[in-house]
1. Find all pairs meeting these conditions: Cβ atoms under 8 angstrom apart; at least six residues apart or on different chains; first residue within segment 74-96 and free of Cβ contacts under 8 Å to residues at least 40 places away in the same chain; second residue outside any helix (DSSP H, G or I) and surrounded by fewer than 23 Cβ atoms within 10 Å (Cβ to Cβ).
2. Residue by residue through segment 87-126, note down the ones that are surrounded by fewer than 20 Cβ atoms within 10 Å (Cβ to Cβ) and β-branched (Val, Ile, Thr).
3. Looking at 89, 77, which one is under 19 Å from residue 32 (Cβ atoms), at pLDDT 85 or above and not in a loop (DSSP other than H, G, I, E, B)?
4. For segment 108-115, indicate whether the set of residues that are assigned to a helix (DSSP H, G or I), touching a residue at least 40 places away in the same chain (Cβ under 8 Å) and not β-branched (Val, Ile, Thr) is non-empty.
Amino acid sequence: MIDALPSPTLGLASDSGPAASVISGVPLLVVVFVSVVVIAASVSLHALVMRTIYNKLCRPSRRPWIRLSVMVITLLAAHLVQIVFFALAYQQLGDPAGDLRGAYDGSFGDAVYFSMAVFTTVGFGDITPVGHLRLLVGLEALAGLVLITWSASFTFVAMSRLTKIETDSAASVKRSDD
């Protein structure tokens, strides 16, 4: 009876051979290449933004909370740009590399929405990837987790440094009054 069951496949033309690495005409290698390019662009942008923030905002100030607010808004903007990078990749790879199914109408807005859900690892489930596009989706979730964590740790260090500067300044003013 067990022999009558169909063999499981991965949604590919066959389980082995050259056709196994192609879905609807786009090789898996193309999806891997696009994934690497988008992740490299996202990490490079993030490093550049954080370096700029560090050089411009992480120095003595009378109002460290304003600097911290600007830092957080800037990091959020950087994350939004990274999300758009991935949304553009979904739009470019589109049907040939797989598909986004469910509540996805093919619009750029839906691609950004899906990318934001994946990047933040929320994953609502109303849009699901099919085919090789699943690789890009998984890598975006991993990259999003790493980049958001990087932002959080950077913000903590900057906040510690800026509030220490504020505390040191207040202590030196108090000593000079004594």
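1. Matching pairs, first to second residue: 94/106.
2. 112, 120, 121, 122
3. Values: 77 fails: under 19 Å from residue 32 (Cβ atoms).
Going through 89, 77 in turn, just one is under 19 Å from residue 32 (Cβ atoms), at pLDDT 85 or above and not in a loop (DSSP other than H, G, I, E, B): 89.
4. So the first thing to find is which residues in segment 108-115 are assigned to a helix (DSSP H, G or I), and the list is 108-115.
Restricting the remaining residues to those that are touching a residue at least 40 places away in the same chain (Cβ under 8 Å) gives none.
No, segment 108-115 contains no residue that is assigned to a helix (DSSP H, G or I), touching a residue at least 40 places away in the same chain (Cβ under 8 Å) and not β-branched (Val, Ile, Thr).
The values are calculated or read from the model by the stated rules, or taken from the named source; none is laboratory data. These figures come from a predicted structure and were not determined experimentally. Backbone-built Cβ (ideal geometry, glycine too); neighbour counts: all protein chains shown.
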